[in-house]
1. Could you tell me the ratio Rg/Rh of the stretch 39-86? Both radii from Cα atoms, Rh via Kirkwood.
2. Within the set of other residues whose C-beta is less than 14 Å from the C-beta of residue 60, count the net charge using Lys and Arg as +1 and Asp and Glu as -1.
3. Mind checking which helices in the chain clear 27 Å along their axis (Cα) and have mean Kyte-Doolittle hydropathy of 1.6 or more, DSSP H runs only?
4. Once you place label points 7 Å from the Cα toward the Cβ at residue 4 and residue 40, how far apart are they in nm?
5. For the chain, what does the relative contact order come out to in percent, with C-alpha contacts under 8 Å and a separation of six or more?
6. Where nothing but the Cβ of Lys and Arg (+1) and of Asp and Glu (-1) is charged, how large is the charge dipole of the chain around its Cα centre, in debye to the nearest 20?
7. Over the stretch 5-85, what number does the Rg to Rh ratio reach, with both radii from the alpha-carbon atoms and Rh per Kirkwood?
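What follows is calculated from the coordinates using simple rules that are stated; it is not laboratory data. Treat the numbers as computed from the prediction; the structure is a model and nothing was measured. In this analysis, Cβ positions are derived from the backbone assuming ideal geometry, glycine residues included, and neighbour counts consider all displayed protein chains.
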Amino acid sequence: MVANDVFCQNLADLTGRPIERPQIIETTALGAAYLAGLGVGLYASTAELAERWRIDRRFDPQISSDERDHRYAGWKEAVARVLTKG
């Protein structure tokens, strides 16, 4: 999902928070590799690993809080309709 610019921008807009996409987007595999490296002493600390993190792109919110609230209300309404059909 994070490879998709539209998704990342929507996430920033709907959460009202900046979203930072890392240069390496396969973070699950990278995290497992880092944990293994910590376990065998390849890395000294999690602080050392944190220094390796690099941002690819930052997505800042671009909609107003009123628009965010409106979209969230529409989403909750859509979920409620789906749940009542079950």
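1. Using Cα coordinates only, the ratio equals 1.38.
2. Neighbourhood net charge equals +2.
3. Working: long enough: 65-85 (30 Å, -1.19).
Result, helices passing both filters: zero.
4. In this crude label model, residue 4 to residue 40 measures out at 3.6 nm.
5. Once normalised by length, the contact order is 39 percent.
6. The dipole of the chain has a size of about 260 debye.
7. Dividing the radius of gyration by the Kirkwood radius yields 1.19.
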